[in-house]
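Trainee: Would you mind keeping the following structure in view while I ask a few things?
Coordinate-derived values only; no laboratory data. Note that the structure is predicted; figures quoted are calculated from it, not measured. All Cβ positions, glycine included, derive from the backbone under ideal geometry; neighbour counts span all protein chains shown.
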Amino acid sequence: MDEAGPEESGPAATDRLRLLRVIPEVRTSNFEVDGTPRAYAETISYIHRKSDFDAAALPSNVIQLSHLGIVRKILSEHWDIVELPEPLWLRALPLSVVAGVAARLKVGRQSRPWVTTYTIENSPFEALASGVLQRVKPLARAAIRCISRTFYDQLIYGSDASRLVYAKNGFGPDGGVEAVFPKMQKPCDGCALAEKEKRILFLGVLENRKGVLSLLRAWATTGLGEEGWRLAIAGSGPLKTAVEASARDHESIEYMGMLDRASTHRELGRAAVVCLPSRRDGRWREQIGLPVVEGLSHGCTILATSDSGLAPWLKQHGHQVVPHDSTVEQLANSLISVCKTRRVPAQVLEDLPREDGVIRARRYMARTAVEGRC
Ligand SMILES: [Zn+2]
């Protein structure tokens, strides 16, 4: 994937802008500090916590608010930038609209915030609106187009696949600023590159759409266990019992339960391979895959599906990509293949950007906010 986004400038022109991020659901990785100097002072407001939220790691600039509390926060304080959920995050649309209205209520060039977002949705609109009656789909499309053009000054895309979905439906901001900064992370600062073990790591919610059942079935046919490989599974969810049963039946499967962030980093550091064989489910498809991004930043070779927004990049850089509707046999072959052809961890890290995509995107937001409000 090409990075079409313009390079960001240094922080001089954007010294300490005030940024409010509005997030419907927060996970600990949303606010892990990476030590990069920021061109802004950031406050993160959120409504709900995800199941992998680690309260012990909560910085003081992260606050839980109601919808009304977020509206008050926007109206009562000065914000240079407000970052909303992306317009195609349909469940978050009520939050995006009320926060967007509040931001637009602030009048005057200096008090009106620059409203922006970072997108990763890559499902076609037809799939996202599959529960909507056929005859009102054009209305739904028009409503989202109107919302994105009314409330957003800018869309920044986290993958080229996401940019294409927005472009195809005319969901970009009217005359607004657009750019692509792929959602990739630099090598993990907190973990030294350790000797990799023959471990394939699955991290995530234990549900069918994450490919858990296919992975368990495929694993049983690969014979990788006899070659010393282990399938390490972390997370919780509806398929927890099935995972526990497989771990009892197969010595080579290890179920670790829910991991805190420190253990997650440790496991990513040990694993030679991270596997995320997500399958489409109704209107849902994998967007990027946090384990894919975090696996790369720990030097892991990745096995993901063609739906991940990073799939073209993964293919170009020696990782494994399987079709989103792969059979158990295809997945088993890919598991065997990824173990045989896994990349040298230092080379995986070598391919990564020196700075996280979202950090670069926010620096670009800060620069364009200054230009856009001049
Ligand atoms: Zn780490």
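Trainee: Identify the single condition in (1) part of a loop (DSSP other than H, G, I, E, B); (2) touching a residue at least 24 places away in the same chain (Cβ under 8 Å) that residue 108 does not satisfy, given that it satisfies every other one.
Mentor: Going through the list (1) part of a loop (DSSP other than H, G, I, E, B); (2) touching a residue at least 24 places away in the same chain (Cβ under 8 Å), residue 108 breaks only (2).
Trainee: Please work out if residue 368 is touching a residue at least 24 places away in the same chain (Cβ under 8 Å) and over 14 Å from residue 182 (Cβ atoms).
Mentor: yes
Trainee: Could you tell me which of the residues 210, 137 is closer than 27 Å to residue 333 by Cβ and touching a Phe, Trp or Tyr at 6+ places or on another chain (Cβ under 9 Å)?
Mentor: On inspection, the qualifying residue turns out to be 210.
Trainee: Could you list, in sequence order, all residues of segment 251-283 that are aliphatic (A, V, I, L, M) and in contact with a Ser or Thr (Cβ under 6 Å, 6 or more places away or on another chain)?
Mentor: 253, 258, 273
Trainee: Residues that are within 16 Å of the ligand (Cβ to nearest atom): find the strands (runs of 3 or more DSSP E) completely inside segment 264-350 holding 2 or more of those.
Mentor: Passing ranges, in order: 271-276.
Trainee: Next question. So the check is Cβ under 9 Å with 6+ separation or different chains; which pairs have a first residue in segment 45-69 that's under 16 Å from residue 19 (Cβ atoms) and a second one that's basic (Lys, Arg)?
Mentor: Note: pairs meeting the criteria are 45/21; 45/73; 46/21; 63/73; 65/72; 65/73.
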